[in-house]
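Structure first, commentary second.
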Amino acid sequence: MKQIPAPFWTLVLGIAVTLISLWVGQNHNLLPVQASEQAPLVDDLFDVMVTIGTALFIVVQGAIVYSLIRFRQRKGDETDGPPIEGNLPLEAFWTAIPSIIVVGLGLYSVVVFQEMGGFSPGGHHGHGAMVAMAPQQSVIDVAPLMAQMGPGENVDADVYSKAQVYGFGASPLLQLNQPDVTVNVTGMQFAWIFRYPDTGITDGELHIPVGKDVQLNIEAQDVIHSFWVPQFRLKQDALPGEPAELRFVATREGTYPVVCAELCGAYHGGMRTQVIVHSPEDYADWVASRVAEVQTTTTVAQPLETATSAEYLAAIAPDLAKSPVQIAQMDHAQMAQGAAQNP
Amino acid sequence: MAQADVSIKPTEVQGGHGHPDKWKWYDYFTFNVDHKVIGIQYLVTSFLFYLAGGFMAVLMRTELATPDSDFLSPDLYNAFLTNHGTIMIFLWIVPAAIGGFGNFLIPLMIGARDMAFPKLNAIAFWLNPPAGAVLAASFFLGGGAQSGWTSYPPLSEITANLPQTLWCVALVMVGTSSILGSVNFLVTIWKMRIPSMKWDQMPLFCWAMVATSILALFATPVLAAALILLTFDINFGTSFFKPDAGGNVVVYQHLFWFYSHPAVYLMILPIFGIMSEVIPVHARKPIFGYKAIAYSSLTICLVGLFVWVHHMFTSGTAPWMRIFFTISTLIVAVPTGVKIFSWVATLWGGKIRYTTAMLFAVGLLSMFVFGGLSGVTLGAAPFDIHVHDTYYVVGHFHYVLFGGSVFGIYSGIYHWFPKITGRMLNEPLGKVHFVLTFIGTLLTFTPMHQLGMQGMPRRVAMYDPQFADLNQLVTVGAYILAVSVIPFYFNVIWSWRSGKEAGPNPWNALTLEWTTDSPPIIENWEVLPVLTHGPYEYGMDKANQVGPAGEPTEATQV
């Protein structure tokens with residue numbers, strides 16, 4: 001029987017590994033649904049990495065398992081293996097191939113990053129009057145800052161033009177455009193507060209319309225938090241004293257979790273709320289139903305420069321009082337008092 | 001059979017030293033300057049801390065068996081997650097891999113009688129037990145530090161001030177220990193090799209320790225600076241990291257990660273060195289690509305200093321930084337890949353002995369392929385932004401630190417235990433240990449990746465009930481890992497007293513530590529050895545190519 005040449009089997013194995021890797025790259029089902037314009041970009045990058053990774057994984061693990069079986073010590077054989085100390089072309093090959101792969105992945109990452117709007121956080125500020133004309137002026141919801149500035153003063157331009165803004169901003173095509181919806185997001189132990197400067201609405205949940213350009217200005221009041229919506233594939237730390245933003249278009253109606261991803265204290269795991277992506281009509285209804293509450297909310301919120309965060313939260317967002325987040329917050333407040341009594 | 005037939009020629013005869021012939025048991029509890037005593041001191045203390053850190057992990061996994069916070073108080077949970085990380089890094093892997101194996105093996109591998117600065121060496125070790133005591137004290141004086149092993153301000157400045165300060169003190173102590181140890185390793189390897197040993201005849205473990213020491217010297221002082229500033233912020237009213245008083249919270253992250261990313265390499269480079277020693281001996285083949293492995297350690301050391309911002313992609317990080325550090329992070333994959341391929345090629349064509357040391361080494365190789373690939377995905381900023389601070393990251397770094405570093409430490413113990421104690425470990429028990437560890441590792445750390453991608457953040461005591469099933473699987477895996485250490489600790493304690501006598505060279509290995517007694521005598525050799533061959537020349541001596549039956553083997557025909 002004629003022996004089949006080794007290059008043939010190498011080719012067959014190569015094709016098999018390629019097909020398996022391509023299949024795994026498309027069918028791993030590891031990521032949650034895509035609900036933002038950025039999500040498919042990130043997922044495509046991940047799929048490519050899974051494809052390449054699967055191929056490398058099969059080849060290297062295959063070589064290990066094959067060696068363990070084929071090159072095991074046979075009974076009674078106490079001799080050494082062949083004295084092969086290296087092979088320069090082979091070593092050059094397995095240095096060059098990963099180098100090409102990582103450079104390729106690096107360039108692809110840059111492209112994805114650019115399409116996600118990663119190069120232009122803060123890029124649209126100073127262009128338009130929309131933010132400046134908004135009725136509610138506090139972009140950074142830090143109580144002392146509000147007290148200092150007073151309710152009528154415009155702090156937006158100063159705060160954002162003097163410092164670097166972190167996060168994801170408008171993609172280049174949209175750079176000169178103002179967002180359709182702006183929301184000021186404040187993280188505090190252990191809740192998220194969402195304020196809509198255009199309408200004066202304050203809420204413990206994020207409501208946005210589908211298909212619209214949304215701008216989140218993200219700040220933290222006490223410690224570092226991190227705003228994450230897994231279905232949007234977007235995350236940005238909320239840093240005390242450092243403005244950050246996320247700008248995106250939600251592409252799928254539904255309710256998704258908003259998760260705090262940075263350790264922020266005892267009840268970090270309970271710092272969860274949700275984002276509701278409405279149809280444009282539902283969003284308009286929601287805004288209308290909430291506008292009535294705006295007057296009372298704003299008048300209560302203004303003079304609270306000396307309030308504790310629990311009182312602050314209760315006053316500005318009474319509807320949060322029923323949520324587990326609020327309960328965790330109350331626990332924390334009691335705990336803090338306990339700690340103060342017993343230092 | 002490849003005998004380590006290093007011809008011993010009288011080059012230098014040491015006479016009249018004032019030491020006893022053999023250390024007594026109580027010498028191991030004293031300020032002893034013998035590098036072998038210090039190595040054993042490091043190993044034994046680190047293995048005790050390993051139990052403490054593991055105990056915390058088991059309690060945390062028990063909490064996470066259910067979505068609600070119903071087993072530990074949230075403060076205690078955070079104290080455990082903080083100290084689990086701190087102990088496993090600073091009091092287990094680093095002291096075991098660098099302090100333990102480094103001190104015991106480096107002088108023996110290069111033909112020196114001790115380290116260059118023996119007293120400094122002892123001082124470096126004796127900073128560790130008090131650091132552990134300070135950490136333990138922090139639990140009784142305010143419930144332990146609770147802001148994660150990263151201790152980001154402002155959280156670390158407003159939470160549990162006294163324990164946090166003690167935590168800083170403990171870390172500055174082990175950091176100082178690390179700096180002193182690194183100076184010692186560099187000078188010892190540079191100056192104290194036997195004259196016949198050239199740089200390219202050094203065992204690869206020594207190269208790995210050179211790279212490790214350089215990295216520690218560059219990076220550790222920066223951590224010390226960050227922690228001292230943090231201590232001042234907490235206790236003395238400064239405001240380096242207080243945003244409401246002109247400080248900046250992101251600066252701390254840069255200082256912290258400038259050390260703490262290289263710290264990952266501090267934990268893995270010595271392990272890579274162990275791999276390069278264990279695999280050729282038990283595969284009976286020369287290491288494949290000696291120079292590539294040696295230089296890749298130095299490349300990892302160099303590039304590893306410029307990747308730290310990938311821990312901060314979602315933090316206050318400018319766009320150009322996200323891009324620069326994406327590229328530099330991906331580049332680290334290349335020298336790491338070179339090592340992996342070289343070890344696989346060393347296996348290829350060998351005559352692999354299924355010893356426990358080899359099983360752990362191959363297990364590491366297998367784990368590290370997965371951990372390395374998931375590391376590449378984390379290096380790409382757009383994807384990292386989704387999974388940063390999630391269980392994906394927890395899964396990744398446990399794959400490389402448990403599946404990598406801890407497997408490597410186990411492998412090293414099974415390989416050098418005969419040299420350290422003069423007795424063999426029990427092989428069947430070792431295999432039970434390996435199988436339990438391997439299964440436990442897969443079960444514990446693989447589902448974490450999926451949890452993270454699906455939306456579970458890390459460092460939480462309570463989580464969305466949709467993640468309950470996978471978390472229970474992880475908890476079962478963690479219990480298997482907890483059980484897996486029982487045969488190991490039993491094996492070590494039992495074999496140390498009554499294991500089989502090992503003799504000087506039970507594995508027929510060729511590096512110099514196997515040319516002296518097991519355990520080595522004080523000052524290592526009666527007469528210093530002379531190098532007659534390289535460290536990995538398996539199968540090269542024609543006389544050794546003849547099998548027991550006198551038949552020429554395959555090897556001679558290749």
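The values are calculated or read from the model by the stated rules, or taken from the named source; none is laboratory data. None of the values given here were measured: they were computed from a predicted structure. We place every Cβ from the backbone using ideal geometry, glycine too, and count neighbours over all the protein chains shown. To get the accessible areas, we keep the full protein, side chains included, count just its heavy atoms, and leave off ligands, DNA and RNA. Shrake-Rupley method; radii C 1.70, N 1.55, O 1.52, S 1.80 Å.
In chain B, helical runs assigned H by DSSP with n ≥ 4 each contribute -39500 (n - 2.57); averaged across all residues and rounded to the nearest 500, the mean residue ellipticity at 222 nm is -20500 deg cm²/dmol.
I'd like to know how segment B:34-557 sits against the 2.2 N^0.38 Å rule of thumb: what's its Cα Rg over that expected value?
Details: Rg = 22.9 Å, N = 524, 2.2 N^0.38 = 23.8 Å.
Ratio of Rg to 2.2 N^0.38 Å for segment B:34-557: 0.96.
Across segment A:9-16, coupling constants 3J(HN,Hα) worked out from phi with the 6.51/-1.76/1.60 Karplus curve, θ = phi - 60°, read 5, 4, 5, 4, 4, x, 5, 4 Hz, and Gly and Pro carry x.
On average over all directions, what projected area in square nanometres does segment B:188-241 have, based on the convex hull of its Cα atoms?
Details: hull surface 20.5 nm².
For segment B:188-241, averaging the hull's shadow over all directions gives 5.1 nm².
Please compute the net charge surrounding B:Gly39, taking Lys and Arg as +1 and Asp and Glu as -1 over other residues with Cβ under 13 Å from its Cβ. Local charge sum for B:Gly39: -1.
Where in chain B lies the longest segment free of trypsin sites (Lys or Arg not before Pro) that are both loop residues by DSSP (not H, G, I, E, B) and have at most 12 other Cβ atoms within 10 Å? Result for the longest clean stretch: B:199-558.
How much accessible area per residue does chain B have, in Å², with a 1.4 Å probe? Can you show the working numbers first?
Values: 18330 Å² over 558 residues.
Accessible area per residue: 33 Å².
Note on A:Gln178 and A:Val33: their simple-model spin labels are 3.3 nm apart, each label 7 Å out from Cα toward Cβ. Here's how it looks for A:His207: its modeled amide H is under 5 Å from those of A:Ile276, which are all 5 or more places away or on a different chain.
Any idea what the dipole of segment B:17-117 comes to, in debye rounded to 20, about its Cα centre with Lys/Arg Cβ at +1 and Asp/Glu Cβ at -1? The partial results should precede the final answer.
Details: 5 positive and 8 negative charges, 96 e Å.
Dipole of segment B:17-117, to the nearest 20 debye: 460 debye.
Set the Förster distance to 51 Å, then compute FRET efficiency between B:Leu473 and B:Ala245 from the Cβ-Cβ distance, nearest 0.05. For B:Leu473 and B:Ala245, the calculated efficiency is 0.65. Under the simplified labelling scheme, the B:Val527-B:Trp320 pair shows an inter-label distance of 6.5 nm, with each label point 7 Å from Cα along Cα→Cβ. Assuming charge only on the beta carbon of Lys and Arg (+1) and of Asp and Glu (-1), the dipole of chain B about its Cα centre is about 780 debye to the nearest 20. In this structure, the amide hydrogen of A:Thr182, modeled 1.01 Å from its nitrogen in the peptide plane, lies closer than 5 angstrom to those of A:Asp198, A:Gln215, counting only residues at least 5 positions away or on a different chain.
Only protein heavy atoms count here, probed at 1.4 Å, and on that basis chains A and B bury about 7500 Å² of accessible area in total. Of the chymotrypsin sites (Phe, Trp or Tyr not before Pro) found in segment B:470-509, not one falls in a DSSP loop while having at most 10 other beta-carbon atoms within 10 Å. The calculated FRET efficiency for A:Ala284 paired with B:Asn235, based on their beta-carbon distance and R0 = 60 Å, is about 0.65. Is the shape of segment A:172-238 best called rounded, prolate or oblate, per the rule: a/c under 1.5 gives rounded, else a/b larger than b/c gives prolate, else oblate, with a ≥ b ≥ c the square roots of the Cα gyration tensor eigenvalues? Prolate, since a/c reaches 1.5 and a/b exceeds b/c.
Tally Lys and Arg at +1 and Asp and Glu at -1 over the other residues with C-beta under 14 Å from the C-beta of A:His278: what net charge comes out?
Working: positive: A:Lys212, A:Arg252, A:Arg290; negative: A:Asp180, A:Asp203, A:Glu205, A:Glu253, A:Glu281, A:Asp282, A:Asp285.
Net charge around A:His278: -4.
Taking each residue as 0.36 nm, the span from B:Ser73 to B:Val483 lengthens on full extension beyond its C-alpha to C-alpha distance by 145.1 nm. Relative to the longest principal axis of the Cα atoms of chain B, helix B:468-498 runs at roughly 40 degrees.
Taking the Kirkwood radius as Rh and the Cα radius of gyration as Rg, segment B:18-170 has a ratio of Rg/Rh equal to 1.08.
If you take every residue apart from B:Ala57 with its C-beta less than 14 Å away from the C-beta of B:Ala57, what net charge results, scoring Lys and Arg +1 and Asp and Glu -1?
Values: positive: B:Arg61, B:Arg458, B:Arg459; negative: B:Glu63.
With Lys, Arg at +1 and Asp, Glu at -1, the neighbours total +2.
Exposed loop sites were defined as GluC sites (Glu not before Pro) in DSSP loop states (anything but H, G, I, E or B) carrying at most 15 other C-beta atoms within 10 Å; in chain B the longest segment without such a site runs B:13-525. With 10 Å bins beginning at zero, the pair-distance distribution over Cα atoms of segment B:113-211 amounts to 15, 32, 23, 18, 10, 2 %. Between the amide H of A:Ala220 and those of A:Gly187, A:Leu239, A:Gly241, A:Glu242, distances stay under 5 Å, these residues lying 5 or more places away or on another chain, with hydrogens modeled in the peptide plane. The modelled label-to-label distance for the pair B:Asp517/A:Arg74, using points 7 Å beyond Cα in the direction of Cβ, is 4.1 nm. Derived scalar couplings between HN and Hα for segment A:233-248 equal 6, 10, 8, 8, 5, 9, 10, x, x, 10, x, 9, 8, 10, 10, 7 Hz in order, rounded to whole Hz, by the Karplus curve 6.51 cos²θ - 1.76 cosθ + 1.60 (θ = phi - 60°), x for Gly and Pro.
Looking at segment B:160-239, which chymotrypsin sites (Phe, Trp or Tyr not before Pro) are DSSP coil and have at most 13 other C-beta atoms within 10 Å of their C-beta?
Working: sites: B:Trp167, B:Phe185, B:Trp190, B:Trp199, B:Phe205, B:Trp207, B:Phe218, B:Phe232, B:Phe236; in loops: B:Phe236.
Answer by residue number: B:Phe236.
For B:Arg353 and B:Ala225, what is the calculated FRET efficiency with R₀ set at 45 Å and r taken between the beta-carbons, to the nearest 0.05?
Working: r = 47 Å, r/R0 = 1.05.
Once rounded, the FRET efficiency stands at 0.40.
Quantify how strongly other chains surround peptide A:254-265 by giving the mean number of their Cβ atoms within 10 Å of each of its Cβ atoms. Show your work: numbers first, answer last.
Numbers: counts 0, 0, 1, 3, 0, 8, 3, 12, 11, 17, 6, 8.
The per-residue average across the peptide is 6.
Placing unit charges on each Cβ (+1 for Lys and Arg, -1 for Asp and Glu) gives segment B:34-557 a dipole about its Cα centre, and among B:Gly371, B:Met192, B:Met88 the Cα reaching farthest toward its positive end belongs to B:Met192.
What does the average come to when, for each residue of peptide B:313-325, you count the partner chain Cβ atoms lying within 10 Å of its Cβ?
On the way: counts 3, 12, 9, 13, 5, 5, 13, 1, 0, 6, 7, 0, 0.
For peptide B:313-325, the averaged partner shielding equals 6.
Karplus-derived 3J(HN,Hα) values for segment B:201-215, using 6.51 cos²θ - 1.76 cosθ + 1.60 with θ = phi - 60°, are 10, 6, x, 5, 4, 5, 4, 4, 6, 4, 4, 4, 5, 4, 4 Hz; glycine and proline are entered as x.
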